[in-house]
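The values are calculated or read from the model by the stated rules, or taken from the named source; none is laboratory data. The shown structure was predicted, so the numbers you read here are calculated from the model rather than taken from an experiment. Positions of Cβ are generated from backbone atoms using ideal geometry, with glycine treated the same way; all protein chains shown enter the neighbour counts.
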Amino acid sequence: MPSAGYVIDAAGIKKLREDHEILRKRVTHLEQKIAGNIGGGNRRDREFVKVTEQIGQRVATTLGKGKAELYTMTTNALTGDVTFSKAEVISGAGNQLTAIEVDVYNPSFVPVPVGSYIRISRNFRSGLWLIDEMQTAVAKAGASGVTARSGTTVGTGIVSIYYIDGSTFTDTGEDVSVLNMSATAVANNAYITIKRCSLSDAWIVDAEDCG
């Protein structure tokens with residue numbers, strides 16, 4: 001006489017697989033929450049993100065604004081390698097994993113292009129996310145170039161901010177004023193690097209393409 005037991009049909013197996021997938025997503029979500037709270041209490045004050053909407057430059061006292069998705073760091077226990085991946089939460093009736101997107105504000109005069117991986121910090125008083133200060137940028141001089149320094153009077157000019165997309169310079173569409181401490185002017189349409197002066201908000205020419 002056969003022993004008593006349970007028979008699982010195709011529908012039962014399908015339901016088990018669906019329940020397993022839901023549990024897997026919920027465990028992943030809980031692991032991310034636990035990892036996010038380590039060392040930071042219940043409120044994260046620093047994050048690593050990927051920009052999904054260009055974060056514009058500051059204009060006078062108005063901060064630039066854009067959007068970014070949160071990313072998490074994972075360490076391989078066997079190799080010690082650290083990788084990063086998109087942080088996701090379970091949402092909707094179908095228990096779908098969706099990215100966590102936040103508004104990010106920019107106190108810098110340099111915009112941050114889409115696709116950039118950057119660090120952001122939460123402002124204590126306002127609770128807003130701010131990008132960490134950017135100190136260098138790639139730029140292209142305008143049609144008038146950048147004038148040379150004369151004695152103690154620095155040269156000036158307007159440049160367009162660029163970013164490197166793979167192996168191509170791409171214009172962000174943002175312009176900034178720069179100062180030139182060299183006695184040699186920057187030629188029109190020359191590619192240059194600029195950096196922030198530590199004692200002011202001014203950007204100064206750092207190096208020029210002289211080719």
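Side notes on the structure shown:
- Restricting segment 100-135 to residues that are aromatic (Phe, Trp, Tyr) and crowded, with 16+ Cβ neighbours inside 10 Å, the residue that is farthest from residue 50 (Cα to Cα) is 109.
- Remark: pairs (first residue in segment 13-27, assigned by TED's automatic domain parsing to the domain that holds residue 98; second residue surrounded by 11 or more Cβ atoms within 10 Å (Cβ to Cβ) and of a type outside the set (A, V, I, L, M, F, W, C); Cβ separation under 7 Å; 6+ apart in sequence or on different chains) = 22/95; 25/95.
- For residue 125, the criteria (1) in contact (Cβ under 8 Å) with a residue 12 or more places away in the chain; (2) over 25 Å from residue 164 (Cβ atoms) hold in every case but one, which is (1).
To keep it simple, each residue is scored yes or no on (1) under 21 Å from residue 98 (Cβ atoms); (2) at pLDDT 80 or above; (3) exposed (fewer than 10 other Cβ atoms within 10 Å of the Cβ).
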residue	(1), (2), (3)
5	no, no, yes
41	no, no, yes
48	yes, yes, no
60	no, yes, yes
72	yes, yes, no
81	no, yes, yes
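- Comparison of 175, 165 shows that the only residue that is under 18 Å from the mean Cα position of the chain (by Cα) and surrounded by fewer than 18 Cβ atoms within 10 Å (Cβ to Cβ) is 165.
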